[in-house]
Amino acid sequence: KQEGRNHSHIYQDSDSVSTELKASLEWTRRLHQAVANDNLTLFFQPIVKIDTGEIAYYEALVRLKLDNKIISPAEFIPALERAGDMDLLDKQVIRKAFEYLNNFKQLNKISINLSAQGFSDKRMVPYIQSLLEKTSVSASRIVFELTESASLSNLTETQDIILKLRSLGCGFSIDDFGTGFSTFNYLKQLPAESVKIDGSFIVELINSKVDQALVKAIYDVAKTLNKETIAEFVENKETLNMLSQIGITYAQGYYLGKPAPADELFY
Ligand code: C2E
Ligand code: MG
Ligand code: MG
Ligand code: MG
């Protein structure tokens with residue numbers, strides 16, 4: 001399923017199939033249980049405007065509470081993707097995000113990650129629209145993030161959904177930019193107003209001439225297309241300074257603030 005339509009995958013080792021399948025089923029069960037018991041929560045990580053140092057907004061990052069532990073999505077998203085359950089996760093996250101926006105006025109604006117499954121689900125845009133109508137949350141407080149690789153399968157449909165979300169008043173960012181295949185071509189064709197440069201180009205930036213050239217190239221193309229740039233995985237001051245020199249507008253990363261629960265950030 002992950003490989004898109006018209007792909008078949010030949011498994012060499014039937015043991016790994018059943019192990020993967022069991023893991024997917026187990027995470028699906030945990031997801032449904034977490035939904036029933038309200039054990040999904042959101043952490044928030046600041047996104048800082050580089051020239052002023054001010055927090056522009058926060059990215060919402062889902063966490064699963066399980067046996068007094070807080071579990072990061074890297075552990076369960078691949079399994080939920082295989083099980084086709086990411087649309088359920090996305091809906092829960094969006095519902096929660098609206099709760100936080102309602103309850104915390106200090107949370108002026110947040111970005112919400114959408115999975116490929118959630119993004120292409122026909123019921124997603126109407127769901128978001130109904131939440132906007134039911135609550136007093138303004139769409140201008142919401143930015144959606146979609147991973148570049150998730151936008152590759154059907155360009156016309158992707159463009160259409162992005163335009164619908166933007167016509168509701170929400171912002172839209174391409175996430176993890178630079179890791180897909182025909183990246184610049186898609187950047188040109190996707191009606192997003194900002195681009196998040198993938199962290200893999202940022203972590204070694206200060207020591208890598210190649211990464212510096214790539215980040216500059218992404219910046220130049222984005223600027224020409226009138227899109228703002230965000231760098232993720234900014235882990236030290238030197239990296240922030242270099243991004244500032246290149247002209248990148250926003251930065252996010254452990255140096256500027258780790259993801260944290262709302263009650264630690266806004267009280
Ligand atoms: P992402 O959207 O690219 O989010 C950035 C990830 O990098 C987050 O991991 C964040 O904690 C981590 N990170 C932030 N700053 C730094 C840094 O300076 N260095 C390093 N090494 N890492 C940093 P997290 O929260 O584990 O999320 C992983 C991925 O899972 C996200 O990548 C996103 O694709 C997905 N995800 C997270 N929350 C949601 C959600 O609510 N819905 C959906 N559909 N996907 C989500
Ligand atoms: Mg993201
Ligand atoms: Mg990202
Ligand atoms: Mg990333």
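The values are calculated or read from the model by the stated rules, or taken from the named source; none is laboratory data. Treat the numbers as computed from the prediction; the structure is a model and nothing was measured. Neighbour counts are summed over all protein chains in view; Cβ atoms, including those assigned to glycine, are modelled from backbone coordinates with ideal geometry. Heavy atoms of the whole protein, side chains included, go into the accessibility calculation; ligands, DNA and RNA do not. Shrake-Rupley method; radii C 1.70, N 1.55, O 1.52, S 1.80 Å.
Within the stretch 204-234, take every residue that is among the β-branched types (Val, Ile, Thr) and in a strand (DSSP E or B) and give me the one that is farthest from ligand 2 (Cβ to nearest atom). Even if it seems obvious, please write down each step before you answer.
The initial filter retains those residues of the stretch 204-234 that are among the β-branched types (Val, Ile, Thr), namely 206, 210, 215, 218, 221, 224, 229-230, 234.
Going one step further and asking which of them are in a strand (DSSP E or B), we end up with 229-230.
Numbers: THR229: 14, ILE230: 9 Å.
Among them, the one singled out is THR229.
Going by what's in this entry, would ILE206 be described as more than 14 Å from ligand 3 (Cβ to nearest atom) and under 19 Å from the mean Cα position of the chain (by Cα)?
Details: more than 14 Å from ligand 3 (Cβ to nearest atom): yes; under 19 Å from the mean Cα position of the chain (by Cα): no.
When the stated conditions are applied, ILE206 does not pass them.
So is VAL203 under 25 Å from LEU152 (Cβ atoms), more than 16 Å from ligand 4 (Cβ to nearest atom), surrounded by fewer than 20 Cβ atoms within 10 Å (Cβ to Cβ) and without any contact (Cβ under 8 Å) to a residue 60 or more places away in the chain or not? Can you show your working first?
On the way: under 25 Å from LEU152 (Cβ atoms): yes; more than 16 Å from ligand 4 (Cβ to nearest atom): no; surrounded by fewer than 20 Cβ atoms within 10 Å (Cβ to Cβ): yes; without any contact (Cβ under 8 Å) to a residue 60 or more places away in the chain: yes.
For VAL203, the condition - under 25 Å from LEU152 (Cβ atoms), more than 16 Å from ligand 4 (Cβ to nearest atom), surrounded by fewer than 20 Cβ atoms within 10 Å (Cβ to Cβ) and without any contact (Cβ under 8 Å) to a residue 60 or more places away in the chain - is not met.
Output the qualifying pairs, or none if there are none: Cβ atoms under 7 angstrom, residues six or more apart or on different chains, first residue in the stretch 140-154 and under 18 Å from GLY178 (Cβ atoms) and within 13 Å of ligand 3 (Cβ to nearest atom), second residue in a helix (DSSP H, G or I) and of a type outside the set (Gly, Ala, Ser).
LEU146/PHE119; GLU148/THR183; GLU148/TYR186; ALA150/PHE119
Looking only at the stretch 137-145, decide whether some residue is within 16 Å of ligand 2 (Cβ to nearest atom), part of a helix (DSSP H, G or I), of a type in the set (Ser, Thr, Tyr) and open to solvent by 50 Å² or more (accessible area, probe 1.4 Å). Steps first, please.
Restricting attention to the stretch 137-145, the residues satisfying the condition of being within 16 Å of ligand 2 (Cβ to nearest atom) are 142-145.
Now restrict to residues that are part of a helix (DSSP H, G or I): none.
No: the stretch 137-145 contains no residue that is within 16 Å of ligand 2 (Cβ to nearest atom), part of a helix (DSSP H, G or I), of a type in the set (Ser, Thr, Tyr) and open to solvent by 50 Å² or more (accessible area, probe 1.4 Å).
Looking at (1) more than 13 Å from ligand 1 (Cβ to nearest atom); (2) of a type outside the set (A, V, I, L, M); (3) open to solvent by 30 Å² or more (accessible area, probe 1.4 Å); (4) assigned to a loop (DSSP other than H, G, I, E, B), which is the only condition THR179 fails?
Failing condition for THR179: (1).
Which one of SER167, SER111, SER149, SER153 is assigned to a helix (DSSP H, G or I), closer than 23 Å to LYS227 by Cβ and touching a Gly at 6+ places or on another chain (Cβ under 9 Å)?
None of the other options fit; the residue is SER149.
Going by the conditions given, is LYS96 open to solvent by 10 Å² or more (accessible area, probe 1.4 Å) and either within 16 Å of ligand 2 (Cβ to nearest atom) or more than 24 Å from ALA262 (Cα to Cα) (or both)? Step through it out loud before you land on a result.
On the way: open to solvent by 10 Å² or more (accessible area, probe 1.4 Å): yes; either within 16 Å of ligand 2 (Cβ to nearest atom) or more than 24 Å from ALA262 (Cα to Cα) (or both): yes.
Considered against the rule, which asks whether it is open to solvent by 10 Å² or more (accessible area, probe 1.4 Å) and either within 16 Å of ligand 2 (Cβ to nearest atom) or more than 24 Å from ALA262 (Cα to Cα) (or both), LYS96 comes out as yes.
Please go through the stretch 25-43 and pick out each residue that is charged (D, E, K, R) and either surrounded by 15 or more Cβ atoms within 10 Å (Cβ to Cβ) or assigned to a helix (DSSP H, G or I) (or both).
Our first condition is that a residue be charged (D, E, K, R); within the stretch 25-43, this holds for 26, 29-30, 38.
Correct list: GLU26, ARG29, ARG30.
Count, please, the residues in the stretch 212-254 that happen to be within 21 Å of the chain's Cα centre (by Cα), surrounded by fewer than 17 Cβ atoms within 10 Å (Cβ to Cβ) and closer than 25 Å to LEU61 by Cα.
Qualifying residue count, the stretch 212-254: 2.
Any residue in the stretch 52-66 that is open to solvent by less than 40 Å² (accessible area, probe 1.4 Å) sitting within a Cβ distance under 9 Å of a residue that is away from ligand 2 (no atom under 16 Å from the Cβ) and among the basic types (Lys, Arg)? List the pairs, counting only those 6 or more apart or interchain.
ALA56/LYS49; TYR57/ARG141; LEU64/ARG30; LEU66/ARG30
For the stretch 168-223, which positions are in contact with a Ser or Thr (Cβ under 9 Å, 6 or more places away or on another chain), of a type in the set (S, T, N, Q) and at pLDDT below 95?
THR179, GLN189, listed by residue number.
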